[in-house]
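Below: the structure, in structure tokens.
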Amino acid sequence: MCYADLAVALGIDHPVYALQAPGLTDGARALHTVEAMARTYLDVILAHQPKGPYMLAGWSSGGLIAYQMAKELKSRGLEVALLALLDTYAPSALSLSPSATHDDVQNLLNLFNGHPALCEADLRELDATARLSFVLDMAKQANLVPADYDSVDARRQLDVFAAMSDAAAVYRPGRYDGKVLLFSARQGTAAAVLHPHDASHGWQPLVDGQLVVLPMPSDHIG
């Protein structure tokens, strides 16, 4: 749903197809590598549109999947007309650790970052069940989730979130021969701390084609 406002802003002349991560519905299991995610999504895309050109975009870690999809499409001789990374960092710029992705408190804060009242110290004082119930109640009060969203939904989303974080931590993007648009958030902690002198978020050494960096007056979430 993070792409909903963007899809509306593009207008009716630009249809948007969104891809939902496996693991959010009954019987589906989360994928744990960027490559597996890219292949799964490409199967869906190619079944719907067998020929290019393709226009791909991804926000945050979703940009890693879009990057890998673009690489695989080009390796099959198919045209990628657009690859847009929405404040996506190359893994080499982040020093990610898979062990850090299973911290439920941090994952809850990341998933429900639209709620200003959530406090990390308070959450760590609760056990896992009470913590999830508390955050779920807060999220519903703030209309961040639907009324019928329950603890099972939240647990699935946390598992998918952790799987994506695991995948990002071990992903090695390789080089991409094509044009890349990087929409770079210039506000917030990440912009100030992570390689402040590298406007490319670590992508410049990997892109053999043109890399266009578009600074945005926003933070990562905005």
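Carbon-plus-sulfur accessible fraction, the chain (probe radius 1.4 Å, protein heavy atoms only): 56%. Rounded to the nearest 500, the helix-only mean residue ellipticity at 222 nm of the chain stands at -12000 deg cm²/dmol, with each DSSP H run of n ≥ 4 adding -39,500 (n - 2.57). Taking GluC sites (Glu not before Pro) as exposed when DSSP calls them loop and at most 15 other C-beta atoms lie within 10 angstrom, the chain has its longest site-free stretch at 126-222.
The mean accessible area for residues of the chain, using a 1.4 Å probe and ignoring ligands and nucleic acids, is 57 Å² per residue. Bridging of K71 to aspartates and glutamates at a Cα separation below 13 Å is possible for E35, E79, D177, D208, once same-chain residues fewer than 8 apart are set aside.
Highest-first packing order for the peptide set 164-173, 48-57 is 164-173, 48-57, based on the mean count of other beta carbon atoms within 10 Å.
The values are calculated or read from the model by the stated rules, or taken from the named source; none is laboratory data. Quick caveat, the model's predicted, so the values are computed rather than measured. So basically every Cβ, Gly included, is an ideal-geometry build from the backbone, and we count neighbours across all protein chains shown. Note: areas computed on protein heavy atoms with side chains; ligands, DNA, RNA excluded. Shrake-Rupley method; radii C 1.70, N 1.55, O 1.52, S 1.80 Å.
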